[in-house]
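Participant: Pasting a structure here, questions to come.
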Amino acid sequence: MTNPFAKIDVAGRPLANRIVMAPMTRSRAYGPGATPTDLMATYYSQRTSAGLIVTEGIQPSAVGQGYPDTPGLHSPEQVAAWRKVTDAVHRDGGVIFAQLMHTGRIGHPSLLPDGLSPVAPSPVAAKGQVFTHQGPLDFVTPRELDAAAIIRTIGDFADAARNAIAAGFDGVEVHGANGYLIHQFLAPNSNRRTDGWGGDAAGRVRFGVEVAAAVAAAIGAHRTGFRISPGNPFNDIAETDAADVENTYTTLVTRLAELNLGYLHMVEGADRTLTTRLRAAWPGPFILNPFTYPEPTGPETLALIEDGTTDMVAFGALFLANPDLPARLAAQGPYNTPDRATFYGGDHRGYTDYPYLSDAPA
Ligand SMILES: Cc1cc2nc3c(=O)[nH]c(=O)nc-3n(C[C@H](O)[C@H](O)[C@H](O)COP(=O)(O)O)c2cc1C
């Protein structure tokens, strides 16, 4: 039986425990040019008792931004500002990976500078609306990336990964989940291409694999993680054919395994069997953000480390609301309750003011 509080080697270093802070967009990068703020440094430095912190989604390029006030890693000012975050985390002994999130068709021209508009594998609009400074607006039909633009986009991920290391991050997580650009390439309803970047499973996984390979070449494979969410319908993804999902993700994981990446991070759907199969195809460290719908990942999921289902568990909402989550898990609670109203945007409230266990009256 594995102890969730035992050390584990990831990315060539020992992590203090197997409890991961899941990536969470908080939309508080109010600085000019989508730069991180001092408040963000405080937020992350409060959560350094995680074995590993994965940051909120960070756009690797201006066009990759899909939500208001999300931070980037594509300008010198952003690199300098992230340095304050990574220094604060390292001062307290934390380990922090930057999640590179290109949102693809999820976004809106009004969120983008210089007349840019969202891009995707195919000109297929997502059904639904995106939150903008003007309120919720319908998704637009994205511009189809041509082959040259695909290569440039892969280069943007590699450049952003280099920037992440220059900013002091310990590594990078490539966001291949939740209906954003890489997932749009994986899913048959958003990828209608016939040119070798789409079609069968081998064609649809190619973009994600080439992004991972380019990032690994830029900063080292051990410093590169990858997040997947097989079958997740979020952002109008339709991966509805179970056999195709298994084939696509087995192909993807097998190809990623050849790259010797630092870890694989899986957002689980209702199918635990698929988790077990994909984990069996993955030789390295495995992080599971388990399926607990409709509740957020809770303390009981540490059993998945103990019974060997996964090496590490990623907690989202519970870590958002409990800066000292590992200590609370060790003490078997109590836990602060996440306040949804302050998840995205706003100030320090619901961000850096959740109390620690030690703040509780004796
Ligand atoms: C406020 C919020 C923002 C999120 N932003 C991201 C993100 O930027 N990137 C990502 O991969 N997942 C994101 N997620 C999904 C979480 O990483 C996680 O998969 C999800 O919350 C389920 O885990 P939980 O039940 O432990 O919260 C976000 C979740 C929340 C609650």
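The values are calculated or read from the model by the stated rules, or taken from the named source; none is laboratory data. Everything numeric in this text was worked out from a predicted model, so none of it was measured. Please note: Cβ atoms are built from the backbone with ideal geometry, for glycine as well, and neighbour counts cover all protein chains shown. With ligands, DNA and RNA removed, areas are computed over all heavy atoms of the protein, side chains included. Shrake-Rupley method; radii C 1.70, N 1.55, O 1.52, S 1.80 Å.
Participant: Residue separation times 0.36 nm, minus the C-alpha to C-alpha distance between Ser110 and Ala327: what's the value?
Facilitator: Full extension of this stretch gives 73.9 nm more.
Participant: Among 168-177, 138-147, 218-227, 292-301, how do they line up by average Cβ neighbours within 10 Å per residue, starting with the highest?
Facilitator: Going by the mean number of other Cβ atoms within 10 Å, highest first, we get 168-177, 218-227, 138-147, 292-301.
Participant: Same structure again: Have a look at Thr273, Thr35, Thr254 and tell me which one the Gaussian network model of the chain (Cα, springs below 10 Å) gives the largest fluctuation.
Facilitator: Result: Thr273 has the largest fluctuation of those listed.
Participant: Also, quick follow-up: Taking the full set of protein chains and a 1.4 angstrom probe, give the accessible area of Asp241 in square angstrom, rounded to the nearest 10.
Facilitator: Result for Asp241: roughly 90 Å² accessible.
Participant: By the scheme Lys and Arg +1, Asp and Glu -1, what is the net charge of all other residues having a beta-carbon under 14 Å from that of Pro326?
Facilitator: +2
Participant: Specify whether the C-alpha gyration tensor of the stretch 25-147 places it in the rounded, prolate or oblate class, a ≥ b ≥ c being the square roots of the eigenvalues: rounded for a/c under 1.5, otherwise prolate if a/b is larger than b/c and oblate if not.
Facilitator: prolate
Participant: So what is the 222 nm mean residue ellipticity for the chain from helices alone, if each DSSP H run of at least 4 adds -39500 (n - 2.57) and you divide by all residues, rounding to the nearest 500 deg cm²/dmol?
Facilitator: -9000 deg cm²/dmol
Participant: Give the relative contact order (percent, whole number) for the stretch 48-147; include only Cα pairs under 8 Å separated by 6+ residues.
Facilitator: Dividing the mean separation by the residue count of the stretch 48-147 yields 29 percent.
Participant: Once you sort the root eigenvalues of the Cα gyration tensor of the stretch 228-326 as a ≥ b ≥ c, which label holds: rounded (a/c under 1.5), prolate (a/b larger than b/c) or oblate (the other case)?
Facilitator: Here the stretch 228-326 falls in the oblate category.
Participant: Next question. Using amide H atoms built 1.01 Å from N in the peptide plane, name the residues 5+ places from Asn289, or on other chains, whose amide H lies under 5 Å from its own.
Facilitator: Excluding prolines and chain starts, which carry no amide H, the hits are Met266, Val267, Glu268, Ala314.
Participant: Separate question: Pick from Ala41, Ala242, Ala314: which is most flexible by mean-square fluctuation in a GNM of the chain where alpha carbon atoms under 10 Å apart are linked?
Facilitator: Taking springs between Cα atoms under 10 Å, the residue moving most is Ala242.
Participant: Taking a ≥ b ≥ c as the square roots of the eigenvalues of the Cα gyration tensor of the stretch 297-362, is the shape rounded (a/c under 1.5), prolate (a/b larger than b/c) or oblate?
Facilitator: It comes out oblate by the Cα gyration axes.
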